[in-house]
1. Using a 1.4 Å probe and counting only protein heavy atoms, arrange CYS117, CYS192 so the residue with the most accessible area comes first.
2. Along its principal axes, what span do the Cα atoms of the range 100-225 show, with the longest given first and each in whole Å?
3. Would any residue of the range 277-306 have its amide N under 19 Å from a label point 7 Å out along Cα→Cβ of VAL319? List them or say none.
4. Output wanted: per-residue J couplings in Hz (rounded whole) for the range 267-273, from phi through Karplus 6.51 cos²θ - 1.76 cosθ + 1.60, θ = phi - 60°, x for Gly and Pro.
5. Can you work out the FRET efficiency for the pair LYS296 and GLU217, with r the C-beta to C-beta distance and R0 = 30 Å, to the nearest 0.05?
6. Compute the separation of the alpha-carbon centres of the range 336-367 and the range 280-313 and state it in Å as a whole number.
7. Which part of the range 218-234 falls in the paramagnetic zone of LEU353, meaning amide N under 11 Å from the point 7 Å along Cα-to-beta-carbon?
8. Regarding the range 334-391, what's the average projected area of the Cα-atom convex hull, expressed in nm²?
Amino acid sequence: MSNGQKSMKYIRLMLILLFLSSLTPILNNVNAQENTSYQSINFNSDYSLNVNNSTYVYGYATSNQNSIIISWELEYSDILYDSGELILNSESNNFLNPTYQWQIFLDFLSYPGPCTCYLTVILESTSPQVIIKPIFFSPDDEFLEPALIIDDNSNNLFSDKIYFSGNAWSFDDSLPNLNWNAFKTNSQASSCKSDSSQILTNSMEIESSFTNQYSFENELDISNFEDGYYSLYLWANSLQNSNSLNSEFYCAFIQVDNNEPISTIQSQENLNLLEGFSPILFDGSVSSDPFFGRSKLNFVWVLSQFMPNLNDDKFHLEVINVSSGDDKRTFLIDSLNSGNYSLILTVTDECGLSNSSFIEFSITNMAPIAKLSIDDVEIFDGDSLILLQDQEIDLDASESSDTENDISSLGCIWKVNNVPFYEGCKRTFSWPDSVDENEFILSLEVTDNDNLISQISINIKSESSREGTYFSLTLLLFSIIFVSYAFYKRYNIMDEKIPKW
């Protein structure tokens, strides 16, 4: 094989590899599409049907499955008129999302009579797709009650207003009226059991908000409702005769929460605390919603300290801790510096209604406790000590104590005759050159970070002052002896001159 042929073969091989590599993302996308669950089902038209004979209803479905199952039911006033099932196989070459055309035959002539019926069509799967179409059947053009479909709403807890949407149709294509009523009930199990006469009595008309020929969005004012459980009824009625031409009643169990919860903080009685206090528990678990209780409440604790303003003599609150959650029913405080504090508890219910309570407390700083030892011997306030001119002693105040939050901030200042001399809690000390007298006062000041001071003062004397003291004591002793002897002699002489009989 020539070099030119080898080169051409190499080029063809490279082109094949490039082509295969370009197909890889396409194949990956195909596999991704095949693993994606997708489906939908629709009628050919969103409008209602007016029929006077048997008819077909058409629609289409899209699914990534090669075959689908469609079930259907035709109902009137909770009466099942007809039902069935369709099994459709895909004939499309588009295996990603084939489209299925379907039709359902409704033999109205075999059904009991005129009706405002509802055809429910379901595309079966792990997540069924459901569509509903109203069908007005009247062989003699008899006027029929309107149709009403309310959109599903997973929320059944409301405050002040109820928002809902849906579709309503009239037999003659006019816009029907919308009405509602609500009744208190004890539980969900006992709801939606009122009779039609009770429902229609004192009913309230809804101001229509149709967005097109049959769709609407509305809100109901329930701000004056007490908290509790209710059966909510919605229906449409025809302009022809509102007393009899009503749609089927739509009923939903709802919960009304118009009252905010009650926030309560429980604590110990004495809230004037000394620094280094034992942990304090603030308890908000007694907070509750007047009707719905405590199970669905959320708790937010905000701890703040009153701080002085820079520009005036007032104060502002500075937040130092926030804790929240549905399990945060208590708040523990175990370490704070001295100051004035505010603790606010805000309790929020499921509707977002909230209520706050607060409690204020103060913490007073405790002064440190000074402790002094000299050459490992503890010395107390007011003690005296002899210090030779060339002698060095070890001063130690490291055993001074304070509350846990201040212990690391303690500072020590040593003073000679009230003049600062040293800093530091451990020092080596000798007779100061600045002291000419025979004695002086040595003071220890222990300070915390709040500038509270504890002090120990001792009298330091020289050897000469001690000798002077000994001489004074000796002189005093001789004076006492002399005075005592003089008194003795005086009284002894007086006793000798008294005659004895």
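The values are calculated or read from the model by the stated rules, or taken from the named source; none is laboratory data. Keep in mind that this is a model prediction, so the values were computed, not measured. Quick reminder, even Gly has a Cβ in these numbers, built from the backbone with ideal geometry, and neighbours come from all protein chains shown. Accessible surface is based on the protein model in full, side chains and every heavy atom, while ligands, DNA and RNA are left aside. Shrake-Rupley method; radii C 1.70, N 1.55, O 1.52, S 1.80 Å.
1. Working: CYS117 0, CYS192 55 Å².
Solvent-accessible surface, decreasing: CYS192, CYS117.
2. For the range 100-225, the Cα spread along each principal axis is 48, 41, 32 Å.
3. 298-306
4. 7, 5, 5, 7, 10, 9, 10
5. Numbers: r = 28 Å, r/R0 = 0.93.
In this case the efficiency is close to 0.60.
6. Cα centres, the range 336-367 to the range 280-313: 5 Å.
7. Under cut-off, by backbone N: 223-228.
8. Taking a quarter of the hull surface, the average projection is 8.1 nm².
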